[in-house]
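The values are calculated or read from the model by the stated rules, or taken from the named source; none is laboratory data. Just so it is clear, the structure is predicted and the values come from calculations on it, not from any experiment. No Cβ is skipped: glycine too gets one built from the backbone with ideal geometry, and neighbour counts run over all protein chains shown.
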Amino acid sequence: MIILGTNSIKDTGYDVANSLRFNSGSSDSLSKAFSSHGTRTKWTWSIWFKRSKLSGSNVLGACYFNDSNEDRLEIDSNGQIIWYSYQSNAYVGRLKTNRKFRDISAWYHLILRWDTGDSTADNRMKIWINGSEETSFANRDNPSSDAESLFNYGDNSQTWVIGHTANVNHWGGYMAEIVFCDNQKLEPTSFGEYNSDSPTIWQPIDVSGLTFGTNGFYLDFEDSSALGNDVSGNNNDWTANNLTAIDQTTDTCTNNFITLNSIITNTSRTNSQTYSEGNTIVIPNSHDNYMTASSTIGLKGSGKWYWESQIVWNGTSSNAYYPRTIGFVSEDYLYSASYMGQADESWCIIYQASGGPGWRAGHGGSESNISGATSMANGDIMIFALDLDNGKFYAGRNGTWFTSGDPTSGSTGTGSLFTLTASDLNKFLFPACTNASNATYYKWNFGNPAYSISSGNSDGNGYGNFEYAVPSGYYSLNTKNLAEFG
């Protein structure tokens, strides 16, 4: 199934340049202790986010004093948004949505508004998602008149944290355009608008002209050397914890990049592996346990597409420890298959010790040696080009295409490893891999790698960050390119 991430298909005219990638398996977070209180009875908070994991509670932000006193914003294991102020062992205010937000391919826009000076109780806490107000709640506890939140608290001792709270799962995914307006009661139209051509698509607007207030801030993540830089003019800068320049990405709410699909967990071949770094890395939980993973967005019918992947290998020379299959699968691939290449619905390359050693091309249960492709090492960058206009697939290593492949050769298909049939091209195709070992796996780069790039190459539209030059006419996998060429 193809999933074109919400809010990011059309070119909106206003582009968000960067997001910040949080890894749920680590202590990634932003923190700030304000020197003085803001207005704790009125404020508006806006965040764009994209989820990577669904299990456990995923905390977007919190102000934690102790177990008896905490303000928290999270998405629970069911996908429901929970926002509360908990003080002296009681809820001062709480909202828990009935709706569930579980699309890991999409960007969402969340607005919280706290205004306890409003005479109408139901107006004192409000939530909007993608421009629409949430009105159906599993739990609703309205604050009393003029009740103060812990968010916007400040005395240099209490820390507000974005990305986690005490004893709860860290945020797994991406955040962009984090805006907090102190002492401001704002509507969604202060932060976004519906696309004029596609009125169901909610998109960001320029927020730089807002009134941010004393403790207000605007985090745009455009400075890779200071990820917590506040560009509101207040200089309310945040401290980045375990976040580095590699966590700054161009996967944003105005150009949504493909990632791995962590919710494919319905077979013994998919449900025992761990996704990390915004679903750009997947690792089996045990050795010799063949696990397949594929992408969130499928490709069909047209376009020329490029991606890369870095090998992590521990040097053990046995078939199970070598990198296993990597390539792509079709929409009808059976994930219960032992590994990619064993079915007609998969096309891949594989490195193994026997019969070579070397790289092989695999499809439909048949494997053949790739001439001259005998080497592999830890840290190698594998390169891939899928030409759907001509039905050709190319792969290579460290900037050199196998079998002297030329992805720009069109229908000639010089050096292509596979030629797809008309039936194949009529299906959605998903980049995919099968990993065999928790010590050997692939780090994916669809344009936003979770590993360092030494050279830096983008596609012809200026998108993506790749180690090697993108072949002419090929593009990285994001919604702007898909809208133009897919």
Practice problem: Test SER35 against the criterion of being touching a residue at least 12 places away in the same chain (Cβ under 8 Å) and not in a strand (DSSP E or B), and give yes or no. | Solution: yes
Quiz item: Does ALA450 meet the test of being surrounded by 20 or more Cβ atoms within 10 Å (Cβ to Cβ), in contact (Cβ under 8 Å) with a residue 12 or more places away in the chain and under 22 Å from SER295 (Cα atoms)?
Solution: no
Self-check item: Identity of the residue in the range 363-377, under 31 Å from the mean Cα position of the chain (by Cα) and under 13 Å from PRO323 (Cβ atoms), that ends up surrounded by the fewest Cβ atoms within 10 Å (Cβ to Cβ)
Solution: ALA377
Exercise. With the condition kept exactly as written, say whether any residue in the range 185-192 is in the same structural domain as GLU133 (by TED's automatic domain parsing) and within 22 Å of the chain's Cα centre (by Cα).
Key: yes
Exercise. Starting from the range 186-209, keep only residues that are farther than 27 Å from ARG124 by Cβ, then list their pairs with residues that are of a type in the set (A, V, I, L, M, F, W, C) and at pLDDT 95 or above whose Cβ atoms are within a distance under 8 Å, requiring at least 6 positions of separation or different chains.
Key: ASN195/TRP202; GLN203/CYS253; SER208/VAL231
Quiz item: Residues SER423, SER411, SER472: which one is at pLDDT 95 or above, in a loop (DSSP other than H, G, I, E, B) and over 19 Å from ILE258 (Cβ atoms)?
Solution: SER472
Practice problem: Look through the range 230-280, keep the residues that are among the aliphatic types (A, V, I, L, M) and modelled with pLDDT of 95 or more, and return whichever of them is surrounded by the fewest Cβ atoms within 10 Å (Cβ to Cβ). | Solution: ALA245
Practice problem: From (1) among the aliphatic types (A, V, I, L, M); (2) within 14 Å of LYS304 (Cβ to Cβ); (3) modelled with pLDDT under 95, pick out the condition that doesn't hold for ALA450. | Solution: (2)
Quiz item: Taking only pairs six or more apart or across chains, which ones have beta-carbon atoms under 7 Å, a first residue in the range 144-167 that is farther than 12 Å from ASP71 by Cα and not assigned by TED's automatic domain parsing to the domain that holds GLY38, and a second residue that is buried (at least 18 other Cβ atoms within 10 Å of the Cβ) and not hydrophobic (A, V, I, L, M, F, W, C)?
Solution: none
Practice problem: Name the one entry in SER458, SER409 that is within 15 Å of GLY391 (Cβ to Cβ) and among the small types (Gly, Ala, Ser). | Solution: SER409
Self-check item: Any chance SER294 is more than 21 Å from PHE466 (Cβ to Cβ) and either in contact (Cβ under 8 Å) with a residue 24 or more places away in the chain or under 24 Å from the mean Cα position of the chain (by Cα) (or both)
Solution: no
Quiz item: When both residues are 6+ apart or on different chains and their Cβ atoms are under 6 Å apart, which pairs have a first residue that lies in the range 376-388 and is at pLDDT below 95, and a second that is of a type outside the set (S, T, N, Q) and outside any loop (DSSP other than H, G, I, E, B)?
Solution: MET376/TYR351
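Check every one of the strands (runs of 3 or more DSSP E) wholly within the range 70-146 and list those with 3 or more residues that are crowded, with 17+ Cβ neighbours inside 10 Å.
81-87, 90-97, 107-115, 125-129
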Quiz item: Out of the residues in the range 208-224 that are surrounded by fewer than 20 Cβ atoms within 10 Å (Cβ to Cβ) and over 19 Å from the mean Cα position of the chain (by Cα), which is farthest from ARG40 (Cα to Cα)?
Solution: ASP223
Exercise. For LYS443, indicate whether it is in the same structural domain as ILE349 (by TED's automatic domain parsing) and more than 19 Å from ASP247 (Cα to Cα).
Key: no
